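Enquirer: I'd like to ask some things about the structure below.
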Amino acid sequence: MGFKASEMNDNNKTKQQLIRELAAMRQQVAQIEALEARRRQRDDVLRENESRYGKIAKYTPDLIWTMDLSGRITYVNNAVKRIHGWTIDECLNLTIQDLVSPQQAALYTAIIEEELKKATEPQYDRNTIHSFESEDLRKDGSTFLAEITATFLWSDDGKPVGIIGITRDITESRRMAAALRQSEEKYRLIAENSGELITVTDMNLRFTYISPSITRTHGYTVEEAMNMAVEDFVTPGSMQTLLKVLEEELNLEAAGNSDPRRVRVLEVEEYKKDGTVIWLESSISGLRGKDNNIVGILTVNRDITKRKQAQEASRKAEQRLTDVINFLPDATFVIDASKRVQMWNLAMEELTGVRADAILGRTDYEYSIPFYGGKRPMLVDLLAEEPRNIEKYYPGHKRQGDSIIAEFFAPAVKNEGAYIWGIAKPLYDDGGHMTGAIESLRITTERRNAEDLIHRQKKEIEASALTMAATLRKLETANQEYGHANARLEEAQRQMTATNAKLRQSEEKFSKAFHLGPVIITISTLADGKYVEVSDYFVRLTGYTKDEIIGHTALDLGIWAYQEDREKVTRILESGGRVVEEELLFQSKSRKLYKMIFSAERVLIDETPHLVSVAIDITERRQVEEALRQSEGRYRTIIEQMEDGYFESDLAGNFTFVNEAESRILGYSRDELIGMNNRQYQDEANVDKLYQLFRQVYTTGEPIRSLDVEIIRKNGTKGFHEVSVSLIRNAEGRPIGFRGISRDVTDRRRAEEEKRSLEDRLNRAEKMEVLGRLAGGVAHDLNNILGALSGYSELLLMEIPEKQKARGHVEKIMRSTEKGAAIIQDLLTLARRGVTTSDVINLNQVVSGFLKTPVFENIRANHPLVIFKTDCQEELLNIKGSPVHLEKTLMNLVSNAAESIAGNGEVTIQTENRYLDSAVRGYDEVKEGDYVILIVSDTGMGIPAENREKIFEPFYTRKTMGRSGTGLGLAIVWGTVKDLNGYIDVQTEVGAGTAFTLYFPVTREELIAPQQKEPIERYMGSGESILVIDDIAEQRDVASGLLKKLGYQVHTVSSGEQAVEYLKDHKADILVLDMIMVPGMDGLETYQRILDINSQQKAILVSGFAETNRVREAQRLGAGAYVKKPYVMEKIGLAVRDELNR
């Protein structure tokens, strides 16, 4: 104790020494007593802390636990039951492996081992805290996501002996965060793939988001557009409208009358980058912040330029129709497909006494009231009905085509009633769909005697009596049902009472189980509200030190953000109640605001009333919820306003959600689509295509954008969707389904197909034109050579007597030149320069004439197993064309058809009249109109797909060249049909045969009797002078020789320039002028220069080609007939003679 007893017996001690030692002993005793007092004080503090922290552990909703280093649980608080499902006693028999997943248990072991190694190092910080997320187990085997905070427990000698930790269930917060991500993904998917332009602006109309569609709609990149203002896009007039709508909405907001779900739809005119103007349909809605105030503007824009243009065209057309109908003498009105009155002419106003402005736009049979005094069907309402249904309203009616005619009595007309004759007819759009109906009415008599009136009234009274009786019966039935309903209501009320009792019991259990919330825990005295203990989280969140907090009140520290919240809590507690999960706003030392779920209850600590309060910081959760709400709000607004379809499906492809547009595109209702699989609206090939698409998205996790798939709508029609698809994942990141956007691109695909078809036809036409020009050039040169041969041969025949042997040789030369001329005619037909005649002909006569030719007999002889049939319509209309070329066309088609048949088979020749009321697309596009059709069909081998585009090309043939064809046959057919402004269609199937259908425009002109050969005296000359102008010497010699034989004086020159010089000093009664001369002036320019010398100069025109615009221009200037080479005496003689006589 600090001194020895033997020292007191020391005899050598003096009294003073004893006194001093006694004083020292007393001092040591006092020190010992002070140390004992401090020990007892520490024990009291320890007991108080144990009591206090026991209360905290009891009331906190977080799980507090300890375990030894082997993983055995040594302590848990009450929260273990709520979080894990175990009782405290059950849990104390468990290890950490029983509370976490196997993977997590291995992680725990690794962390503990690593930390134990570090803990042996001198510099190790004993206050180290570890935080991580863990997959924990509940008693029932289910898992949940937990946030773990843990640290070591240490012995007095500085060794780790266990672990203390806090577990918080964060499953819900992670789910909300995942939901926010999903919502944002949906928003991005929609915004980036939607055909609509989506923009977000702040309240100063500055863009905060613009979707990529801006490039398609306006021509700007997103980056360019983000640096622009709304007024840079919108025209001044539309900007005023937009600002007016914004002002109206802000005024409603200020007055507290706004509807957060309101969407304003405007039609806005905007500028594109190139300066052109487009129309957009803008669906505008407000974006709201956490205080529910408008903080931005969401706009979904749809390009409606084409619709506006169509509306304007329709408006003009309707105005023209209105003007016409208004001036009809008969009373006339028009309704649309929804039975809404669209037109009501002046005669209708006079008949009914109802002005147009009072009835236009009305529906629901209101237009019948002026006639019947009540609503009932008019004739226009019954056009689609069966005759028996029409007869109920209009006895004795008649059908005339698609019109209804009836005479009926209209009791309300002219106040006295009148008999009226009426006719109604449906109206159709270009696609043949009924868009409305028109009805015209005329009063036929104003008489009706009183007997008829009385009779009708009697019938009406009888009908009313029957109606009254039926009504009474219904009332009796309703009375009985009312009694049954009362009984059901009483039973429902009994059930409601029982349900309410169960509900109250459930609410009471819930309140007891979850009456306190987690995280922030404080203990304060009830008397003065001073804090006696607070959790570390409270210190960190508020920013105060613990010394600044303890001994002070929440009011001292400014913890309450709103005084009314403090007063509310105080009232509750003073009344003896407890505060349970009140959502309140607190603030930190730096005045940062926190949203809290606050719970408080009175407790006794050391027999002294205290207040234990628990608060959960939900600031971040509320921010996430608000972000999710805004995101979902944008998502819902966009998804319901967008024109594109949006869908979500499970992993099996069954729809779980669709928007209205998807429903409209597929033709099913939303209810029908939910649960439907794509197998129900796709064929097998497209089902597999879509399956591969979804499989790729599932396998790679990457979205796929803009893939075209074919669908079948509910009505059976087919269409094309452009689909973009991405994965839907749950909070754990596992795929649970798909979401996507589908855009109806049917019209675009059809337009692309039509464009390709047009390009194919254009390419064919251009190819035929090029080949034709080549063939035409060759034919021109050959024609000049053959012209010389033919002309000289004809001159020789005139000089050789009939019976000389040499005459026979010359005649053979003439026949050979005629065959050569026929080949040249084929080339010129191919060049579309060879159809020189356009006679009125009947195609049946061409067919019958061909069947009598040796050529057809030869075809039949070469194909004895083929049966040739004809099916020619009687009273066939006439066409204009060349009989020679049409017969050659028929010959080529029949010859090809016969050669396509290897054994037995049939070739059929058909003719018929046909009217097309709309264009028909096939190999060629056939315009609407009246046609005479020639069809040559066979049962042969058909034409393979790879050859179909080449069959009309010159010299293309699958036959042996020079033996069974020249390769010009079908090219001649093409050229002939095109020269006659006709069209060709080809239908073929390999192994089944081919049908060529030729469409020739009808003419209303009558057939002309064939002309007889003219006698030579008719075109002999009388010594008149002729100047022959031709650049080919042989042609000049032939023309000169023939004309001299006919008695003319002939001079020749080789160019237009020589002709002009000659005529300056000489005269010619007539010119024979070649239209094509190279080099130098052509025929037209030569004639124009000659007219400057002699304005009355006569001329005939010659050429190896068909008549051209330059020929017609020369004839307009005064030239005479056009004669096609080669020169034939009769043709040139008649032309010269007729022009001289004119």
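The values are calculated or read from the model by the stated rules, or taken from the named source; none is laboratory data. In this text the structure is predicted, and so the values were computed from the model without any measurement. With ideal geometry, Cβ positions are generated from the backbone for all residues, glycine too; neighbour counts draw on all protein chains shown.
Enquirer: Quickly run through region 77-94 and pick out the residues that are loosely packed, with under 15 Cβ neighbours inside 10 Å, farther than 17 Å from Thr60 by Cβ and in contact with a helix residue (DSSP H, G or I) (Cβ under 9 Å, 6 or more places away or on another chain).
Expert: Selection gives Thr87 alone.
Results for (1) in contact with an Asp or Glu (Cβ under 8 Å, 6 or more places away or on another chain); (2) under 22 Å from Ser213 (Cα atoms), shown as yes or no for each residue.
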residue	(1), (2)
Ala652	no, no
Thr656	yes, no
Ile674	no, no
Asn686	yes, no
Ile704	no, yes
Arg713	no, no
Glu722	yes, yes
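Enquirer: Can you tell me which residue among Asp10, Asp62 is touching a Lys or Arg at 6+ places or on another chain (Cβ under 6 Å) and modelled with pLDDT under 85?
Expert: Within the list Asp10, Asp62, the selection yields Asp62.
Enquirer: For Arg206, state whether it is surrounded by fewer than 18 Cβ atoms within 10 Å (Cβ to Cβ), under 16 Å from Ser724 (Cβ atoms) and either touching a Gly at 6+ places or on another chain (Cβ under 8 Å) or at pLDDT 85 or above (or both).
Expert: Considered against the rule, which asks whether it is surrounded by fewer than 18 Cβ atoms within 10 Å (Cβ to Cβ), under 16 Å from Ser724 (Cβ atoms) and either touching a Gly at 6+ places or on another chain (Cβ under 8 Å) or at pLDDT 85 or above (or both), Arg206 comes out as no.
Enquirer: Restricted to region 1003-1033, and to residues that are within 60 Å of the chain's Cα centre (by Cα) and loosely packed, with under 10 Cβ neighbours inside 10 Å, which residue is modelled with the highest pLDDT?
Expert: Glu1006
Enquirer: Filter region 841-890 down to the residues that are out of contact with any helix residue (DSSP H, G or I) (no Cβ under 6 Å at 6 or more places or on another chain) and among the polar types (S, T, N, Q) and list them by number.
Expert: Asn842, Asn844, Gln845, Ser848, Thr853, Asn858, Asn862, Thr870, Gln873, Asn878, Ser882
Enquirer: How many of the residues in region 1043-1069 are surrounded by 22 or more Cβ atoms within 10 Å (Cβ to Cβ) and in contact with a Gly (Cβ under 9 Å, 6 or more places away or on another chain)?
Expert: Of the residues in that region, 3 qualify.
Enquirer: Determine whether Thr305 is buried (at least 18 other Cβ atoms within 10 Å of the Cβ), at pLDDT 85 or above and closer than 30 Å to Phe207 by Cα.
Expert: Judged against the criteria, Thr305 is not a match.
Enquirer: For the structure I just gave you, tell me whether Arg126 is charged (D, E, K, R), within 53 Å of the chain's Cα centre (by Cα) and over 19 Å from Val76 (Cβ atoms).
Expert: Answer is no for this residue.
Enquirer: Of (1) in contact with a Phe, Trp or Tyr (Cβ under 6 Å, 6 or more places away or on another chain); (2) in a helix (DSSP H, G or I); (3) modelled with pLDDT of 80 or more, Tyr635 satisfies all except one. Which?
Expert: (3)
Enquirer: Counting only residues that are of a type in the set (Lys, Arg), give me the strands (runs of 3 or more DSSP E) lying completely in region 545-620 with at least 1 of them.
Expert: Once the strands (runs of 3 or more DSSP E) in region 545-620 are filtered for at least 1 residues that are of a type in the set (Lys, Arg), what remains is 593-605.
Enquirer: Of all the strands (runs of 3 or more DSSP E) wholly in region 320-433, which have at least 1 residues that are in contact (Cβ under 8 Å) with a residue 60 or more places away in the chain?
Expert: Per the criteria, 331-336, 341-344, 418-428.
Enquirer: Can you name the residue in region 264-297 that is among the small types (Gly, Ala, Ser) and surrounded by 16 or more Cβ atoms within 10 Å (Cβ to Cβ) and, of all such residues, is modelled with the highest pLDDT?
Expert: Ser282
Enquirer: If you don't mind, another one. Inside region 374-392, can you point out the residues that are within 18 Å of Phe333 (Cβ to Cβ) and over 41 Å from the mean Cα position of the chain (by Cα)?
Expert: Gly374, the sole residue that qualifies.
Enquirer: Residues Ser599, Ser588: which one is small (Gly, Ala, Ser), in contact with a Gly (Cβ under 7 Å, 6 or more places away or on another chain), surrounded by 20 or more Cβ atoms within 10 Å (Cβ to Cβ) and in contact (Cβ under 8 Å) with a residue 40 or more places away in the chain?
Expert: Exactly one of Ser599, Ser588 is small (Gly, Ala, Ser), in contact with a Gly (Cβ under 7 Å, 6 or more places away or on another chain), surrounded by 20 or more Cβ atoms within 10 Å (Cβ to Cβ) and in contact (Cβ under 8 Å) with a residue 40 or more places away in the chain, namely Ser599.
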